[in-house]
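Accompanying notes for the structure given below.
The values are calculated or read from the model by the stated rules, or taken from the named source; none is laboratory data. Just so you know, these numbers come straight off a predicted model, no measurement behind them. Backbone-built Cβ (ideal geometry, glycine too); neighbour counts: all protein chains shown. Surface areas here come from the heavy atoms of the whole protein model, side chains and all, with no ligands, DNA or RNA. Shrake-Rupley method; radii C 1.70, N 1.55, O 1.52, S 1.80 Å.
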Amino acid sequence: MCGIVGYTGKQECTDILINALSKLEYRGYDSAGIAVFENGCIEVEKSQGRLKNLVDKMDKGHKPVGVCGIGHTRWATHGEPSDVNSHPHGNKRVTIVHNGIIENYNEIKALLVKNGYVFESQTDTETVAKLLDFYYTGEPVDTIIKVIGEIRGSYALGILFADFPDTIFAVRKDSPLIIGKGKGENFIASDVPAILKYTKDYYLLESDEIAVIKPDEITFCDVHKNEIKKELQRADWDEDAAEKGGYAHFMLKEIHEQPTALKTTITPRVMDGMPFLEECGITVSMLEKVKNIFIVACGTAMHAGLVGKYIIERLARVSVTVDIASEFRYRNPIMGEDDLVILISQSGETADTKAVLQMAKERRTTTVSVVNVKGSSIARESDYVIYTHAGPEIAVASTKAYSVQLSVMYLFAFELAFAKGAINEDKVKELTKDLMNVPKVVEDTMNTMEDCQKIASKLVNSTSLLYIGRGLDYALSMEGSLKLKEISYIHSESYAAGELKHGTISLVTSDMPVIAIVTQKDLMEKTISNIKEVKARDGKVIVITQEDIEIDKEAYDYIIKVPAFNDLFMPIISSVVVQFISYYTAVLKGCDPDKPRNLAKSVTVE
Ligand code: M6R
């Protein structure tokens, strides 16, 4: 959580820092701040709330002028969102920005208080700033090494020492940080989109590595001051891909990018009509031996795993357990060397998912990650990685990352089913061909946009609703429900349609809309019976179904039809509808769909 940036070069840097921070607001927007060397002194400006508040404050007051500085956008963990808790923290000698959590900050604070330090904020970060000051001997790298030897937790730190006015010092452990390399100017950032306007070249800083960044030189060392040589990475996303491109919001843009993202993710993984995961190191002979599969992830990524479970079990007949990472890691799961753990993560930095990866490694269970951000921690540390090629996803609510995660689940299921001899080559080819047609069907499903807008106008005054479905429709209803509540703030729950009558149906009144996903032909009669039970209790039913499915008009109030296609792929196709419904409901309610309250895109805290 939180985004950090830094610039050192020849250009006036305040606007550069602000621009870079604007690309990281998805990581949190409780406050923003910068520290810039102005006439040799560290000048700090910070403000609670979104970056715009900081910009307005500087426009009316003081806007630092200088060519070296650091910046921060915050998702509050320790201490409420406020001016005083905003980063940067420190004093005229040493000032820092921090992404992560310092677990032993109370201990350190006690030591510093004993030594005369006075604390202004409630943050864990302030203890690190003051500890750096406490140990500072005039030699920054030694001081940093001393400090990271004493702090516990996760951190990516950008540090300014007043004695070194053209230099940014950086160090990280378990929170991401890249070092951007320009011409006569260099950068630090929590994520690549922050630097794309200026350079596409960057280094990945590893845990316990220290970077010293000057305008014309970047050096790296370990905690013993041994120099480290690093390979330069090149971003293949361009800046436009991280901009809104004419859409009102990133979320709307990202919904529309799904056909391309799907094509880009699926096409390189198909060869001679068969799924081809060998490019990721995953071979048929490796899959033959897999006993049980655990899919572990958080939020939307976990919902993609639920669809994965249905299709893997149906096609490959291999047992799959899907779990939320924050639960899985604490329930001492039974997994062994013949099992496989699949970790799904858009960011590749989600703390709980990362912790499960470590746990699987300790137990020697093979790990496969499905990740969107190249070079992220989960991607680097897992045994195999299948990258999704969604491009940067900026909106907090995941859309295109979800559909491409699903497409990887299908490819994986087909390859596994083939490896296990559960389906023959002809069947695998038939399914793979259908999968390759999915991007086009998703494109056609964009036509439901206006219908979804109308449905949103019916939902906008609701305070609570239910999403129901059976089988694959139930898996998608979980995602539909999350998407709606996270950005429109309308309470929503997802229920297995057959489970309603075991308690939840008592909630149904004319004020409680029920969105029923009915795309699975083998289960449709049963779900239709369930929605009739809702109608009989005066409930308002909105049905999402396929064009070729006929449903008795008395069973629903409103209906949205997606193009008819193979039922198996309906979660990808119908996801467009649940995304549009959520998006328009949020917009009609006046909520910002890209930056829902209290949330951040990348959740690097546990
Ligand atoms: O980056 P990850 O995919 O690991 O993030 C996991 C969840 O935080 C994420 O999927 C979240 O639920 C979505 N942004 C919600 O739309």
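Remarks
- Qualifying residue in the range 139-154 (condition: open to solvent by less than 40 Å² (accessible area, probe 1.4 Å) and modelled with pLDDT under 95): yes
- The set of residues in the range 244-273 being open to solvent by less than 60 Å² (accessible area, probe 1.4 Å) and more than 21 Å from Pro439 (Cβ to Cβ) consists of His249 alone.
- Only a single criterion out of (1) buried (at least 19 other Cβ atoms within 10 Å of the Cβ); (2) free of Cβ contacts under 8 Å to residues at least 60 places away in the same chain is not satisfied by Asp548, namely (1).
- Lys540 meets all of the listed conditions (1) within 26 Å of Ser398 (Cβ to Cβ); (2) surrounded by 19 or more Cβ atoms within 10 Å (Cβ to Cβ); (3) modelled with pLDDT under 95; (4) of a type in the set (D, E, K, R) but one, namely (1).
- Filter result for Ile342 (open to solvent by 10 Å² or more (accessible area, probe 1.4 Å), out of contact with any Leu (no Cβ under 8 Å at 6 or more places or on another chain), within 16 Å of the ligand (Cβ to nearest atom) and among the β-branched types (Val, Ile, Thr)): no
- Only a single criterion out of (1) among the charged types (D, E, K, R); (2) in contact (Cβ under 8 Å) with a residue 40 or more places away in the chain; (3) in a helix (DSSP H, G or I) is not satisfied by Lys63, namely (3).
- Extreme residue, surrounded by the fewest Cβ atoms within 10 Å (Cβ to Cβ), among residues of the range 213-243 that are closer than 12 Å to Lys181 by Cα and aliphatic (A, V, I, L, M): Leu232
- Out of Lys429, Lys420, sole residue that is touching a Gly at 6+ places or on another chain (Cβ under 7 Å) and charged (D, E, K, R): Lys429
- Looking across the range 551-565, the residues that are in contact (Cβ under 8 Å) with a residue 24 or more places away in the chain, not in a loop (DSSP other than H, G, I, E, B) and not aromatic (Phe, Trp, Tyr) come down to Ala555, Ile560, Lys561, Val562.
- Considering residues of the range 358-376 that are modelled with pLDDT of 90 or more and under 24 Å from Arg269 (Cα atoms) only, the residue surrounded by the fewest Cβ atoms within 10 Å (Cβ to Cβ): Thr366
- Qualifying residue in the range 93-108 (condition: surrounded by fewer than 24 Cβ atoms within 10 Å (Cβ to Cβ) and under 21 Å from Thr8 (Cβ atoms)): yes
- Selection of the range 112-138 for residues being in contact with a helix residue (DSSP H, G or I) (Cβ under 8 Å, 6 or more places away or on another chain) and either surrounded by fewer than 13 Cβ atoms within 10 Å (Cβ to Cβ) or among the aliphatic types (A, V, I, L, M) (or both) yields Leu112, Asn115, Glu120, Val128, Leu131, Leu132, Thr137.
- Within the range 566-594, residues that are open to solvent by 10 Å² or more (accessible area, probe 1.4 Å) sit with their Cβ atoms under 7 Å from residues that are part of a helix (DSSP H, G or I) and acidic (Asp, Glu), at 6+ positions apart or across chains, in these pairs: Asn566/Asp434.
- Residue in the range 436-459 that is crowded, with 22+ Cβ neighbours inside 10 Å and not in a helix (DSSP H, G or I) present: no
- Yes/no for Ile505 being part of a helix (DSSP H, G or I), at pLDDT below 95 and either away from the ligand (no atom under 16 Å from the Cβ) or under 30 Å from Leu599 (Cβ atoms) (or both): yes
- Within the range 385-398, residues that are in contact (Cβ under 8 Å) with a residue 40 or more places away in the chain and at positive phi reach no partner that is open to solvent by less than 10 Å² (accessible area, probe 1.4 Å) and near the ligand (Cβ under 10 Å from one of its atoms) with beta carbons closer than 8 Å at six or more positions or on different chains.
- Residue list for the range 394-451, filter: more than 16 Å from the ligand (Cβ to nearest atom), touching a Ser or Thr at 6+ places or on another chain (Cβ under 8 Å) and of a type in the set (Gly, Ala, Ser): Ala419
- Some residue of the range 418-435 being in a loop (DSSP other than H, G, I, E, B), open to solvent by less than 50 Å² (accessible area, probe 1.4 Å), without any contact (Cβ under 8 Å) to a residue 40 or more places away in the chain and not aromatic (Phe, Trp, Tyr): no
- Checked across the range 82-92, the condition of being open to solvent by 40 Å² or more (accessible area, probe 1.4 Å), under 20 Å from Arg27 (Cβ atoms) and touching a strand residue (DSSP E or B) at 6+ places or on another chain (Cβ under 9 Å) holds for at least one residue.
- Across the range 293-317, the qualifying residues are those that are open to solvent by 10 Å² or more (accessible area, probe 1.4 Å) and not in a helix (DSSP H, G or I), and the one among them that is nearest to the ligand (Cβ to nearest atom) is Cys298.
- Residue match in the range 281-290 (condition: of a type in the set (Ser, Thr, Tyr), on the phi < 0 side of the Ramachandran plot and within 16 Å of the ligand (Cβ to nearest atom)): no
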